[in-house]
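**Q** Have a look at this one before I ask anything.
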Amino acid sequence: MHTLTAVLTFYIPHATSLKDKRQVCRSLVDKTRQRFNASVAEVDTQDIHQTLTIGVAVVSGDFSHAQSSLDEIVRFMEKSADAELIKVEENI
């Protein structure tokens, strides 16, 4: 069994409040959960309204499948987010 994780940091320039940030976060997390069989959650920077940090975890019996799934999730989140992806930290 292989578990891969990634931490994605987004910049939300139009967020003027935590409510604005929560809208972006909820939308992105829900879309990702619906499309992929992965765990997705906000993991840090909860009190900073223009920075969103999301953690993603993928579990698979095959390492290459887990890696390709994680890569696809990162690409999907980058395209789907109403924010700019500024950093990706993958933990293998």
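The values are calculated or read from the model by the stated rules, or taken from the named source; none is laboratory data. Since we're looking at a predicted model, the values are computed, not measured. Using ideal geometry, Cβ is built from the backbone for each residue, glycine included, and neighbour counts are taken over all protein chains shown. Only protein heavy atoms, including side chains, enter the accessible area calculation; ligands, DNA and RNA are left aside. Shrake-Rupley method; radii C 1.70, N 1.55, O 1.52, S 1.80 Å.
**Q** Find all pairs meeting these conditions: Cβ atoms under 7 angstrom apart; at least six residues apart or on different chains; first residue within the range 56-76 and over 13 Å from Ser39 (Cβ atoms); second residue of a type outside the set (D, E, K, R) and in a helix (DSSP H, G or I).
**A** Here the result reads Phe76/Thr32, each pair linking the range 56-76 to a residue that is of a type outside the set (D, E, K, R) and in a helix (DSSP H, G or I).
**Q** Another one. Can you tell me which residue is modelled with the lowest pLDDT among those in the range 57-84 that are among the aliphatic types (A, V, I, L, M) and more than 21 Å from His14 (Cα to Cα)? Before you say what the answer is, go through the steps one by one.
**A** First pass over the range 57-84, keeping only residues among the aliphatic types (A, V, I, L, M): 57-59, 66, 70, 73-74, 77, 81, 83.
After this cut, where a residue has to be more than 21 Å from His14 (Cα to Cα) as well, the list is 57-59, 66, 70, 73-74.
Numbers: Ala57: 94, Val58: 93, Val59: 92, Ala66: 89, Leu70: 93, Ile73: 94, Val74: 94.
Here the answer is Ala66.
**Q** Considering (1) open to solvent by less than 90 Å² (accessible area, probe 1.4 Å); (2) modelled with pLDDT under 95; (3) under 11 Å from the mean Cα position of the chain (by Cα), say which one Lys87 fails and leave the rest.
**A** (1) is the only condition that Lys87 fails.
**Q** Being of a type in the set (Asp, Glu), more than 10 Å from the chain's Cα centre (by Cα) and either part of a strand (DSSP E or B) or at pLDDT 95 or above (or both) is the filter here; which residues of the range 1-56 pass it?
**A** If the condition is that a residue be of a type in the set (Asp, Glu), more than 10 Å from the chain's Cα centre (by Cα) and either part of a strand (DSSP E or B) or at pLDDT 95 or above (or both), then Asp44 is the only one that fits.
**Q** Continuing with this model, one more query. For Ile73, work out the one condition from (1) under 16 Å from Lys87 (Cβ atoms); (2) open to solvent by less than 60 Å² (accessible area, probe 1.4 Å); (3) in contact with a Ser or Thr (Cβ under 8 Å, 6 or more places away or on another chain); (4) not in a helix (DSSP H, G or I) it doesn't fulfil.
**A** (4)
**Q** Would you mind finding the one in Lys87, Lys19 that is of a type in the set (Lys, Arg) and in contact (Cβ under 8 Å) with a residue 60 or more places away in the chain?
**A** The unique qualifying residue is Lys87.
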